[in-house]
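Some notes on the structure that comes next.
The values are calculated or read from the model by the stated rules, or taken from the named source; none is laboratory data. Just so we're clear, the structure is a prediction, and the values are computed from it rather than from any experiment. Heads up, the Cβs are rebuilt from the backbone with ideal geometry, glycines too, and the neighbour counts pull from every protein chain shown. Quick note on the areas: whole protein, heavy atoms, side chains included, nothing else; ligands and nucleic acids left out. Shrake-Rupley method; radii C 1.70, N 1.55, O 1.52, S 1.80 Å.
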Amino acid sequence: LLEGTERKRKARRNWRNGFLKVTFRRYGAILAEFDKEGVDEDVKTRSKCVYRLGVLHYEEGEWPEACERFKEASKFRDRDHRMWRMYGKASIALFESLDAEDQNHTEGEPRDSTRHQHLEVAHKALHEAMKNAPMGVETFVGLPESFYELARLYERYGAFEGAMELLGKITEYFPHWKGYDEAMFRCVCVMKHLANLPGSPFRTLLEKCVEFCDSMMEERPEGNSKISNSEEFLLVYAQVCEREGSYMNGEKAKVAFQQAFEKRVEAGKADALEFNEGKRDDWKKWIDSPTTTLALARERVEQGYVTLAAELFQDTVATLSQRADRYRAMGIENPIDFDTLIDIAFNYARIQDMETAMHYAKQAYELKPFNPRIRGLLGSWDLEFHAFFKKQQDAAFGLQKIWRMRVWSAEYYQRHYEHCITTWETELRVHHWDFEIRSKLTYFKKHKWRGLFLFEDQMAAKLQKWARDKRRKYMWELGMKQRHYKKCAKMFSKYKRHPFDLECRAEALELADHRLTPPEHSLKTLAAIFEEEHKSAGLMQRQYRRLCAARRIAALKDARKIEIEAMRQRRAWQIQCSWRQHYARVVTQARREHHAACLHLAKVLQKTFRAKQGAWHQLQRLQEEHRLEQERLAKEAGALKFQTIWRAYLARKLVKTW
């Protein structure tokens, strides 16, 4: 399965490479036709070909070719914002590749001194892309990404004010962009670096850094956990809080340092594990150690945070300078090693702080004045060093030329010849089949080694022919075996799916007896399994017949019992029915007599009730008449009394009036 997957990957890779070759060839043929004399140039077609060739080169990582194609396309598509943006990306990628090569540059090697010109080209291309972008939703959505790329470009070239301005625009106008937290973190890094420069508003920048970090942690706690919960962010937050100086921010810095220390311990970082003793204040020893700041600085260089790396390198140098007396007592004049000084110098050169870079490069040169790497860096950064190293090289070459003219005598030639033969023979004992050593010995020591090497070559050719034949036979048999193994595997899986299919079992037994079937294969065990199954099936069949007979007899007995029980129930039912008929006749007669007595009694009661009901109605009528009469008399008496009172009142009024 793994071999098949690898073959598919290789085939897919070969197909892609072939497709790219054909594509490059066809675009090249189209451009070659345009370059011929007498051919009318189609500007639109030529610009499309050049642009697409540039995109293909960019996707394949061929940055110089991509830049050349985009530069040619800019003559025809000067208002295509996509082309300008791709041109800017290709220039930035080319600068990064040249920057990585420049770090390992040694004296005497050719060096591209125009790498920062690619950043200028990228700056111009990105500006053109933003200027020529049409007004629309697509442009507005891609605008923060263009700002971010341009800000990264400014940061790499050392223009920190411009980078901070562009990152500030992103944080102010595009709060919902997917890279918002990354832009804010970059802005904090740039402001933190600017705060360390002389003449900068130190307090204002640090307060702004703390404000940005607090907003990243509070307003969007789940928006981008990779940034706001990373150890890089925690360390930057702790450093800006500590440098800000207030009591509250000092406490925040302690918490952030402790969390960063715990994260590095969980990640298994060596610098944190060294100080992890299980105490609460382990992080203080960790952050005060120069090895910690040096390890963090190198990690930030790998991650691309050059400003953070510069500050951490500076902290490392400051810590080691404070402990200089201790190192001098130990006999160490310069506690900073050569590689660290090279890393510090090159990091400062990345951000165009060439004065500081030269300072640390000179210290490295004092440690190892003949190291080709530091000589190459100093020669490329400073013209005086370049001229000085050139004079040294010329003087060394002149001395070597004079020494060779004086030393190479006939006796020395002979001794050198014997020394070389001895050295080659010693190497031949270790690497007997090394072609270069055998060629030298065959030429310079013919009488001893040429015949032996020819004999070995002939024997090796015969052995190789025999091995090829064996290999060919083995591969032929291997193909047969593989096909047979696949057939056996399919048969075994089919047997697993249909274990009681007679045809399948017969085919499985036939394959098990095949000569190519290995003895440890599972099919070999099927014959014994089938024999055991046959015996077990016979025993199971006999037992099944006995069980069936016993069940049939038990069923007959149960049927007879049911029949007898049904007969008994039928007779009992008949007896019950006869008794119920007799009981029903007796009950019916009693009910009839009771009903007749009840009818007679009801008639008597009705007659008595009707007589009593008439007398009661007469009494109620008389009482009602008496009540009405009493009410009438009371009303008349009341009216007469009211008239009398009223007349008396009127008489008094008349008398009084009179």
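Summary table
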read-out	value
Candidates Cys213, Cys189, filtered to the one that is surrounded by 14 or more Cβ atoms within 10 Å (Cβ to Cβ), free of Cβ contacts under 8 Å to residues at least 60 places away in the same chain, closer than 16 Å to Gln239 by Cα and not charged (D, E, K, R)	Cys213
Residues (more than 25 Å from the chain's Cα centre (by Cα), of a type in the set (S, T, N, Q) and part of a helix (DSSP H, G or I)) located in the range 244-299	Asn249, Gln258, Thr291, Thr292, Thr293
Ala272 vs. criteria open to solvent by less than 20 Å² (accessible area, probe 1.4 Å), over 21 Å from Arg186 (Cα atoms) and at pLDDT below 80	yes
Elements of type helices (runs of 4 or more DSSP H) in the range 342-408, at least 3 residues being over 47 Å from the mean Cα position of the chain (by Cα) and at pLDDT 80 or above	383-407
Lone qualifier among Lys462, Lys561 - being modelled with pLDDT of 90 or more, within 30 Å of Trp433 (Cβ to Cβ) and in a helix (DSSP H, G or I)	Lys462
Answer from Lys473, Lys481 - the residue that is part of a helix (DSSP H, G or I), at pLDDT below 90 and within 30 Å of Arg505 (Cα to Cα)	Lys481
Residue in the range 518-528 that is of a type in the set (Val, Ile, Thr), surrounded by 10 or more Cβ atoms within 10 Å (Cβ to Cβ), modelled with pLDDT under 90 and part of a helix (DSSP H, G or I) present	yes
Residue match in the range 218-230 (condition: modelled with pLDDT of 75 or more and outside any helix (DSSP H, G or I))	yes
Hey, Leu463 more than 30 Å from Leu98 (Cβ to Cβ) and either more than 53 Å from the chain's Cα centre (by Cα) or surrounded by 10 or more Cβ atoms within 10 Å (Cβ to Cβ) (or both) or not	yes
Residue in the range 484-496 that is touching an Asp or Glu at 6+ places or on another chain (Cβ under 9 Å), under 20 Å from Ala537 (Cβ atoms), without any contact (Cβ under 8 Å) to a residue 40 or more places away in the chain and surrounded by 13 or more Cβ atoms within 10 Å (Cβ to Cβ) present	yes
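Per-residue answers, yes or no, for (1) surrounded by 10 or more Cβ atoms within 10 Å (Cβ to Cβ); (2) without any contact (Cβ under 8 Å) to a residue 60 or more places away in the chain; (3) closer than 30 Å to Lys362 by Cα; (4) among the aliphatic types (A, V, I, L, M):
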position	(1), (2), (3), (4)
Gly376	yes, no, yes, no
Trp381	yes, yes, yes, no
Ala387	yes, yes, yes, yes
Arg415	yes, yes, no, no
Ser439	yes, yes, no, no
Thr442	yes, yes, no, no
